[in-house]
Amino acid sequence: MATLFRPFSPPPPAKSSQFNFSDSSNPPFSFLKTHHPSSRKSFSKIQSSKFGNFLDLKPESKPEFFDFDLPKFDPSSRSRLDVIIIGTGPAGLRLAEQVSSYGIKVCCVDPSPLSMWPNNYGVWVDEFESLNLENCLDKTWPMACVHVDDNKTKYLDRPYGRVSRKKLKTLLLERCLSNGVQFHRAKVWKIEHQEFESSILCDDGNELKASLVVDASGFASSFTEYEKPRNHGYQIAHGILAEVEEHPFDLDKMLLMDWRDSHLGNEPYLRTSNSKFPTFLYAMPFDSNLVFLEETSLVSRPVLSYMEVKKRMVARLRHLGIRVKRIIEDEKCLIPMGGPLPRIPQSVMAIGGTSGIVHPSTGYMVARTMALAPILAEAIAECLGSTRMIRGQPLYHKAWNGLWPIERRCVREFYSFGMETLLKLDLDGSRRFFDAFFDLDPYYWHGFLSSRLSLRELALLSLSLFGRASSPSRFDIVTKCPLPLVKLMGNLALEAA
């Protein structure tokens, strides 16, 4: 569910993917295999559209920086730190302000801590309200809608909002400064561990030491270790914040998903590929001429071709009569979903994209990161904030199991089962699935999308979903779910062992 189920990420021109979600500036996963389901013939037809090709337009946004006088850590002082956090994205800053509130000495290391986050984030309003962060939303819509097909639209009575990157980062920076967090402007090259402390080696030649190092540097990080192959599914999308001549969207509703494919009626190559590996449109209308538009592949393995996604978006906007006058921001979003958790425990703690907290079925992460950071901070404080100063392996065990207790690991396995099921659905199967999904009691679909259901509740959701599903959808479940279900049960047994 693309931006529906996850934050957006408009990277600067030099970047090619969203993996900077927590902070990494490297364009990872350039080696990924991709689906290339259609020929180039279809694209030439799209370019000849009377509406032209918006892909020729260049984004107008310029890099932005915050005006803060950050307290700098002095490596020459040899003073001891309690926690080093690599990265100043939402995950890194949220954890820094939470851990430092216990009086623990924290230093954030990032080559550009005052740069604006390149990502756009969409959340359900109630998620930020529960965290007292609702003032960090710059636009809200009272309802969302889902176009299942040309004949059916579902209206969701759940407000949705766009996060103000400026307001959220300003709030977190102010809290960090109030709590005494220090900053070091550098890129981390290496982490080394001793029995009771770890050290980071930076590209400026400095070495910093602390009782705990936390990796909040994003999906591309090599600092966090895995024991199993990282067999992710991938969500990929192309999005633009654009000024348009006009658009057909209601201003009081955000468009969560548009699964219609009538825009591909004259594009047989694209229509055939879309029927097998579907994409949908996500849209946030700000006014009659300003709108965020994103064409999204919910999940695929291997990842769907980025060019294929853009071709479909050009065809869709042309069909909707949307003529783009200028592009304010653009983004390529690529999110690994599911796959194994990092090795638990290990000497490097993790938060954000590299820690496994991305929703495996949806791609959502930012609200969940805001919610889990205080839980991890409390676990760290029970060790480093105590007079006993618990360090080394007991600290790593406490921190990792604070973030990933057995119950939360089992719930994640269930969400991964959902992802494996979605991977097997074509366009018709996806339509049938979401038609039934959004007919569930709101408690269940709200909870599923916001990662707040227990394992028992997820089991009840599954039974209810099967009961509400159409006969073809039940056939999909019966024929396509056995293997993912066996995998789920095996993984649950391993976690419970």
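Points worth noting:
- Restricting region 469-487 to residues that are crowded, with 16+ Cβ neighbours inside 10 Å and under 23 Å from Asp441 (Cβ atoms) leaves a set whose member that is modelled with the highest pLDDT is Ala469.
- Complete set of residues in region 73-91 that are farther than 25 Å from Leu241 by Cβ and in contact (Cβ under 8 Å) with a residue 60 or more places away in the chain: Phe73, Pro75, Arg80, Leu81, Asp82, Val83, Ile84, Ile85, Ile86
- Selected residue (only one of Gly338, Gly402 is within 22 Å of Arg94 (Cα to Cα) and of a type outside the set (Asp, Glu)): Gly402
- Evaluation of His193 against the conditions (1) in the same structural domain as Val303 (by the TED database); (2) open to solvent by 10 Å² or more (accessible area, probe 1.4 Å) shows that the sole unmet condition is (1).
- Residue match in region 396-410 (condition: surrounded by fewer than 21 Cβ atoms within 10 Å (Cβ to Cβ), in contact with a Lys or Arg (Cβ under 8 Å, 6 or more places away or on another chain) and not in a loop (DSSP other than H, G, I, E, B)): no
- Hits in region 434-468 - residues which are surrounded by fewer than 16 Cβ atoms within 10 Å (Cβ to Cβ), within 24 Å of the chain's Cα centre (by Cα) and in a loop (DSSP other than H, G, I, E, B): Arg452, Ser454
- Checking region 159-181 against the condition returns a match, with at least one residue being charged (D, E, K, R), modelled with pLDDT of 95 or more and under 30 Å from Gly392 (Cβ atoms).
- Within region 129-155, tally of residues that are out of contact with any Gly (no Cβ under 7 Å at 6 or more places or on another chain) and either touching a residue at least 40 places away in the same chain (Cβ under 8 Å) or of a type in the set (Lys, Arg) (or both): 16
- Residue within region 243-261 that is open to solvent by 20 Å² or more (accessible area, probe 1.4 Å), outside any loop (DSSP other than H, G, I, E, B) and within 23 Å of His232 (Cβ to Cβ) present: no
- Among the residues of region 140-157, those identified as within 25 Å of the chain's Cα centre (by Cα) and either polar (S, T, N, Q) or surrounded by fewer than 17 Cβ atoms within 10 Å (Cβ to Cβ) (or both) are Thr140, Pro142, Met143, Lys154, Tyr155, Asp157.
- In region 274-309, the residues that are open to solvent by 40 Å² or more (accessible area, probe 1.4 Å) and part of a helix (DSSP H, G or I): Ser275, Lys276, Tyr306, Met307
Condition check ((1) under 21 Å from the mean Cα position of the chain (by Cα); (2) within 22 Å of Val299 (Cβ to Cβ); (3) surrounded by fewer than 23 Cβ atoms within 10 Å (Cβ to Cβ)) across all residues:
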| site | (1), (2), (3) |
| --- | --- |
| Leu317 | no, no, no |
| Val324 | no, no, yes |
| Ile327 | no, no, yes |
| Cys333 | yes, yes, no |
| Gly338 | yes, yes, no |
| Ile357 | yes, yes, no |
| Ser361 | yes, yes, no |
| Arg368 | yes, yes, yes |
| Ala371 | yes, no, yes |
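The values are calculated or read from the model by the stated rules, or taken from the named source; none is laboratory data. Since we're looking at a predicted model, the values are computed, not measured. Here Cβ is always computed from backbone atoms with ideal geometry, including for glycine, and neighbour counts include all displayed protein chains. Note: areas computed on protein heavy atoms with side chains; ligands, DNA, RNA excluded. Shrake-Rupley method; radii C 1.70, N 1.55, O 1.52, S 1.80 Å.
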